[in-house]
Amino acid sequence: MELRPILSAMWRNRTGSVLVAMQIALTLAIVVNCMFMTKERVDFVNRPSGMDIENIVVADSVGFGSDYEHDRTIDEDLRLLRELPGVIAVSPTRSIPMSGSGSANGFAGSRDDDAPRHTANYYFVNEDILDALGVKLESGRAFRDTEVRRADDPDLDRLSPQVIITRALADKLFDGEPAVGRLMYDGLGESSEVVGVIEHMFGAWVSWSDFDQVAMFPRRTGGTQTRYLIRAEPGRRDALVPLVETTLSEANRTRLVRNVRTMEEVVSNSYEGDRAIATTLSVAVVLLLSVTGLGIVGLASFTVRQRTKQIGTRRAIGARKRDIIRYFLLENWLMTTIGIVIGTALTIGINYGLASAFEVEQLDYVFLVIGMFLLWLLGFLAVVAPARRAAKVSPAIATRTV
Amino acid sequence: MLDMQDISRVYRTDLVETHALRGLNLSVDAGEFVAVTGPSGSGKTTFLNIAGLLESATDGRYLLDGVDVNTLNDNQRSRIRNEKIGFIFQSFNLIPDLNIFDNVDVPLRYRGFGGKERRQRIEKALEQVGLAARMKHLPSQLSGGQQQRAAIARALAGNPGFLLADEPTGNLDSLMARQVMDLLEEINANGTTIVMVTHDPELARRAHRNVQLLDGQLASPDLFARPAAADDVDLQPVA
Ligand SMILES: Nc1ncnc2c1ncn2[C@@H]1O[C@H](COP(=O)(O)OP(=O)(O)O)[C@@H](O)[C@H]1O
Ligand SMILES: [Mg+2]
């Protein structure tokens, strides 16, 4: 309706508007990039793990003293744990997937010396591992109990004859050909036959790019330490945690039971840094939006106060209250829009800079649209109160002020 | 055209009540040029504000063109101010960020006129006050007299029947004041009713009728020594 005179009035008082428009531009650029990076972190943390993490309890057992018998302890522990209420399956393991600690080795799909080697996290598990993790077998079979090497087996430290691997590893080793029945070689020329391929699971280190290359061997861990993966029926995990602790402790006093906790906690610890980044970025977004909102409120309030006489005069010569409100909404909308236009260029520039300097993805422009909408809304909400105050200025002001 | 009966206006604050008008009775006929005088604080501005619907009386009846203004809502009052009344203020009240053309345009936009009609009206009004050549100037680039003439153009552009002026020459030197007064006389001669508040007895004398306020009431002509123009007090318009 009256854009041209509003623009020319703004232009003659541009200092405040230019500053706030720049603030809006910067806010848009930072908010959009922060939202985008937050989303990337959240997606990263929420990658499907392939495992039934929510229903798994883990525990460490460390033997001590001369009376400690490793295999017998494990036999007994497995029997006791399987009898606990709500337990689906139990497997010993050397380390907990996604815990940030584990082992890896290079494997090749053929005996040739120049065959490419692929690194995989590996785990020592028993015949129940598929159920204990809740992973999905894609082809082949699970281990048989007779295949699981006990700790006192003289061949324990040789490569197990059988292995179950993830599809991601299988595709690397065998170029996408069926893997079941094929041999997988370690660096010493020993081999294991792939008996099963699981669809997907993660290994030890959440930020490792080959996180999904995993191999599992049917054997126990030597020495005096072992861990257990105990999968519960849905809803029964939390009751199981204290029960596992007391059951194992009381059964055998020649070892310590430590770190009985949910696998959810373990995984959550591993993502602590990523969650901290996401939280910090979100807080920054909220703070920045608040500060910018306050900036708009401040400028609008200042403008209204400064123009009290002008508002009264406009009212005196025929402006209705809604004309006054519309004036300030329009003026503010113009300023916000100028800020948004500049901010859009800035946003793309910053993302381009981040993308080339760090490993940040190309911006998803949905976030730009969300950011624009947020700032428009913010600008509108911030000016409502000052505009209403302006509408309350009495037309009598026109003759009462000098 | 303007008929006030028993108008009073009380300003209340926590501490004091000020009776700015106390039972004022006054009517102004169409085509009149009335000068309102009186000492400072006697209620002249209050009277003008009520007459121009800038504020409401605390008590009494005010008919404007036969309409009881008490029955009007805020939007209707805005509309009447916009269409029927032109205001001239002591300190001009031009919008400093708009040039003269845009200033005159302000009430016309509120009126909802189209661009072509607005342009014609603005140019005509600025010609009438002798500022056609200055329409791209900002108020700050004009002298006080020119600013007041621009404000008069703004008041005239909507063809109001009724012009209200509060000390229109109060901020001007005497030469400029006389020019503005010439202009008001010319406007009145063209049929616009004018009520003007002034301190200046010389200017007041040029009106058709003088009304003196004292303590929020009409001062009786018998009780006060009048300037030379005292005879004019009850004259009717010369129309
Ligand atoms: N908004 C207000 N609040 C309180 N008192 C007011 C207000 N406006 C005017 N008055 C008082 O009302 C009286 C009349 O004021 P006014 O009409 O401005 O007189 P004049 O224009 O004749 O100088 C004065 O005493 C003035 O102080
Ligand atoms: Mg006054």
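The values are calculated or read from the model by the stated rules, or taken from the named source; none is laboratory data. It should be emphasised that the depicted structure is a prediction, and the values quoted were computed from it without experimental measurement. For neighbour counting, all protein chains shown are included, and Cβ atoms are generated from backbone atoms with ideal geometry for every residue, glycine included.
Kindly provide the set of residues from region B:174-202 that are within 16 Å of ligand 1 (Cβ to nearest atom) and in a helix (DSSP H, G or I), ordered by number.
The answer is B:P201, and nothing else.
Write out, first by first residue and then by second, each pair whose Cβ atoms fall under 7 Å of each other, whose residues are 6+ apart or on separate chains, and whose first residue, in region A:196-221, is acidic (D, E) while the second is assigned to a loop (DSSP other than H, G, I, E, B).
Close Cβ pairs (under 7 Å, with a partner that is assigned to a loop (DSSP other than H, G, I, E, B)) amount to A:E199/A:G50; A:E199/A:K136; A:D212/A:H200; A:D212/A:F202.
Every residue in region A:241-259 that is assigned by TED's automatic domain parsing to the domain that holds A:F124 and within 27 Å of the chain's Cα centre (by Cα), please.
A:V241
Among (1) hydrophobic (A, V, I, L, M, F, W, C); (2) under 27 Å from A:S192 (Cα atoms); (3) touching a strand residue (DSSP E or B) at 6+ places or on another chain (Cβ under 7 Å); (4) buried (at least 20 other Cβ atoms within 10 Å of the Cβ), which single condition is A:V58 missing?
(2)
Conditions tested, residue by residue: (1) closer than 22 Å to A:N13 by Cα; (2) surrounded by fewer than 18 Cβ atoms within 10 Å (Cβ to Cβ); (3) modelled with pLDDT under 95.
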residue: A:R314; (1), (2), (3): yes, no, no
residue: A:K321; (1), (2), (3): no, yes, no
residue: A:N332; (1), (2), (3): yes, no, yes
residue: A:A345; (1), (2), (3): no, yes, yes
residue: A:L354; (1), (2), (3): no, yes, yes
residue: A:A357; (1), (2), (3): no, yes, yes
residue: A:E361; (1), (2), (3): no, yes, yes
residue: A:P395; (1), (2), (3): no, no, no
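What number of residues within region A:64-104 are of a type outside the set (D, E) and in a loop (DSSP other than H, G, I, E, B)?
16
Yes/no matrix, rows are residues, columns are (1) facing chain A (nearest Cβ under 10 Å); (2) modelled with pLDDT of 95 or more; (3) away from ligand 1 (no atom under 12 Å from the Cβ):
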| position | (1), (2), (3) |
| --- | --- |
| B:G38 | no, no, no |
| B:S42 | no, no, no |
| B:I50 | yes, yes, no |
| B:Y62 | no, yes, yes |
| B:D65 | no, no, yes |
| B:D74 | yes, yes, yes |
| B:E83 | yes, yes, yes |
| B:G86 | yes, yes, yes |
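Looking at (1) part of a loop (DSSP other than H, G, I, E, B); (2) under 22 Å from A:E54 (Cα atoms), which is the only condition A:M216 fails?
A:M216 satisfies every listed condition except (1).
Are there any helices (runs of 4 or more DSSP H) wholly within region B:9-126 with 2 or more residues that are out of contact with any Lys or Arg (no Cβ under 9 Å at 6 or more places or on another chain) and either touching a residue at least 24 places away in the same chain (Cβ under 8 Å) or over 27 Å from B:N210 (Cβ atoms) (or both), and if so which?
B:44-51, B:74-84
Looking at A:L240, A:L188, can you tell me which residue is buried (at least 21 other Cβ atoms within 10 Å of the Cβ) and not in a strand (DSSP E or B)?
A:L240
Evaluate the following for B:G66: is it surrounded by fewer than 21 Cβ atoms within 10 Å (Cβ to Cβ) and within 16 Å of ligand 2 (Cβ to nearest atom)? Can you show your working first?
Numbers: surrounded by fewer than 21 Cβ atoms within 10 Å (Cβ to Cβ): yes; within 16 Å of ligand 2 (Cβ to nearest atom): no.
So B:G66 does not fit the description; no.
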